[in-house]
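To keep things clear, I will list the structure first and then write my remarks on it.
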Amino acid sequence: MDWLTYLPSLAQGALVTAWITLASIAIGAALAFAAGIARVEGGRAVSTLALCYTEVFRGTSLLVQLFWLYYALPLVGLSFDPVTTGIVGLSLHVGAYGSEIVRGALSAVPVAQREAARALNFGRVHTLVRICLPQAIVEMMPAFGNLAIETLKLSSLVSLISIADLTFRAQSIRNITLDSATVYTLTLVGYFLMSLVLMLAMRLIERMVRRGAAFPRAAHA
Amino acid sequence: MNKVLAQQPDAASAAATPVIEFRGVTKRFGALTVLDDFNFAVAPGEKVTLIGPSGSGKSTVLRILMTLEPFQEGQLTLAGIPYHEPHGKGPFRASDRHLHQIRSHVGMVFQSFNLFPHMSVLRNVTEAPVAVLGLSRAEAECRAIDLLRMVGLADKKDHYPAQLSGGQQQRVAIARALAMRPRVLLFDEPTSALDPQLVGEVLGVIRNLASEHDLTMLLVTHEMRFAREVSDRVCFFDKGRIVEEGEPERIFTAPAEPRTREFLQSVLG
């Protein structure tokens, strides 16, 4: 069976894909919270800066961003290895989309909650961390789940900056064997299995967050 | 029936240094003037009810006192502290620290309770004393349980707000405000969001509070019978000013101003 001989190489590629995806989701989430919180809570300068970041990275192609980081940045003396470049590029992209999720959920916390916090004399940080974020984060989770899976699929673009991820391996095998149907079917199955795992993981995190936030979502008067 | 009133005739309460004093305060929302050259003083321990048609500025008075809304002109002092600082910046013309100091004397009970949905009842009541006043969790819980007992909800301490009725939520909100030991407690239509059969339990708690504590209370309400019963003074608002004020008996039985009479006729039927 030919396809069995493809598996070791594809599995190695899948590991690279998994690593890049997970690292980008983690760094991207940190960026998303930083930029999203800056948009809602920051002063004019800080929130404008965050807005610029979000719009620039949402408004340009990820592939071109990766090319820019990989081919143009070294010209000004900054060069990273391909995997780092891939993770940086994807993280910035995820962070930009994620910041909109964070901003939206934070803004959706009722004004009355902030007023109650103010009446109890909470400071701004305490209001954000203990009152607003715990309520907002529950609302963010489904959208973050989507974004995580999107990140996995977008990660295939890093094959174009010479990273040997799953897509890259698939291309290489196909170029040698010309067995397109088998190779690409296996590749699709590989992505699907990984996204399945990711989906389950996000569900689990969502459930943990919901339990951590603890409130039963009963009908609200 | 009203002991506080008996001990504190109007002349004496006016002579005491007021805990709240508005002098010529003007508040605008854009082109709309909500409070117009507003003058108002409240003596320590006094229970004052603000009545009047909606949009007349009653709630705005409370929201300004709680520093939820800034005002543009005039002077406001709380326990002798002016709200505006001489070189204060921003809409409140005061630093965060200054506002923090003012707020430490005031508490507020909101129309829609505004409990924190992700915290248990106990946590709702202990969060601020721990985070703001620096009480230990044990002290704060001790204080919270006492207050929850007072509002009759000690057995619900581990429930979440969504598991309580509106009346119970509002009683928790009262306990939460009291846990900060304010000198002035503001009630912004505390029973307006409640089903009629739940109004009584909340009014009962406020009534006990009024008769047993030397807390200064400002109450915006549409419950006229209740206003008459608990307050030392009733102020009738119209168009951003107090049109008429006085002892509840007089306001409700013999209002001098035609606008007061009209309003009372419309709400009392």
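Derivation of every value follows stated rules applied to the coordinates shown; laboratory data play no part. Quick caveat, the model's predicted, so the values are computed rather than measured. Heads up, the Cβs are rebuilt from the backbone with ideal geometry, glycines too, and the neighbour counts pull from every protein chain shown.
Entry remark, the stretch B:153-171: residues being away from chain A (no Cβ under 11 Å), in a helix (DSSP H, G or I), farther than 14 Å from B:LEU198 by Cα and in contact with a helix residue (DSSP H, G or I) (Cβ under 6 Å, 6 or more places away or on another chain) number 2 in total. Looking only at residues in the stretch B:23-53 that are within 15 Å of the chain's Cα centre (by Cα) and in a strand (DSSP E or B), the one that is surrounded by the fewest Cβ atoms within 10 Å (Cβ to Cβ) is B:ALA41.
Condition check: closer than 21 Å to B:MET217 by Cα, touching a residue at least 24 places away in the same chain (Cβ under 8 Å) and of a type outside the set (D, E, K, R). Does B:PRO117 satisfy that? Criteria not met by B:PRO117.
For the stretch B:158-201, residues that are in contact with a strand residue (DSSP E or B) (Cβ under 6 Å, 6 or more places away or on another chain) and at positive phi total 1.
Here B:GLU212 passes the criteria (1) in contact with a strand residue (DSSP E or B) (Cβ under 9 Å, 6 or more places away or on another chain); (2) within 28 Å of B:PRO18 (Cβ to Cβ) except the one numbered (1). When the criteria are applied in full, A:VAL40 fails the requirement of being in contact (Cβ under 8 Å) with a residue 40 or more places away in the chain, within 25 Å of A:ALA143 (Cα to Cα), of a type in the set (Val, Ile, Thr) and surrounded by fewer than 14 Cβ atoms within 10 Å (Cβ to Cβ). Restricting the stretch A:23-48 to residues that are within 14 Å of A:LEU147 (Cβ to Cβ) and of a type in the set (A, V, I, L, M) leaves a set whose member that is farthest from the chain's Cα centre (by Cα) is A:ALA35. Of the helices (runs of 4 or more DSSP H) lying entirely inside the stretch A:21-127, the ones with 3 or more residues being within 14 Å of chain B (Cβ to nearest Cβ) and under 30 Å from B:ASP96 (Cα atoms) are found at A:111-119.
Would you confirm whether any residue within the stretch B:187-196 is farther than 21 Å from B:PRO129 by Cα, among the aliphatic types (A, V, I, L, M) and either touching a Pro at 6+ places or on another chain (Cβ under 9 Å) or not in a loop (DSSP other than H, G, I, E, B) (or both)? No, that holds for no residue. Can you confirm whether the stretch B:186-193 contains a residue that is farther than 30 Å from B:GLN265 by Cα, surrounded by fewer than 22 Cβ atoms within 10 Å (Cβ to Cβ) and in contact (Cβ under 8 Å) with a residue 40 or more places away in the chain? Checked the stretch B:186-193: no residue is farther than 30 Å from B:GLN265 by Cα, surrounded by fewer than 22 Cβ atoms within 10 Å (Cβ to Cβ) and in contact (Cβ under 8 Å) with a residue 40 or more places away in the chain.
Here is a yes/no grid of residues against (1) surrounded by fewer than 20 Cβ atoms within 10 Å (Cβ to Cβ); (2) assigned to a helix (DSSP H, G or I):
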site: B:VAL199; (1), (2): yes, yes
site: B:GLY204; (1), (2): yes, yes
site: B:ASN208; (1), (2): yes, yes
site: B:ASP214; (1), (2): yes, no
site: B:LEU218; (1), (2): no, no
site: B:VAL234; (1), (2): no, no
site: B:ARG261; (1), (2): yes, yes
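Could you check, for the stretch A:130-144, whether at least one of its residues is under 24 Å from A:VAL83 (Cβ atoms) and either touching a Cys at 6+ places or on another chain (Cβ under 8 Å) or in a helix (DSSP H, G or I) (or both)? Scanning the stretch A:130-144, I find at least one residue that is under 24 Å from A:VAL83 (Cβ atoms) and either touching a Cys at 6+ places or on another chain (Cβ under 8 Å) or in a helix (DSSP H, G or I) (or both), so the answer is yes.
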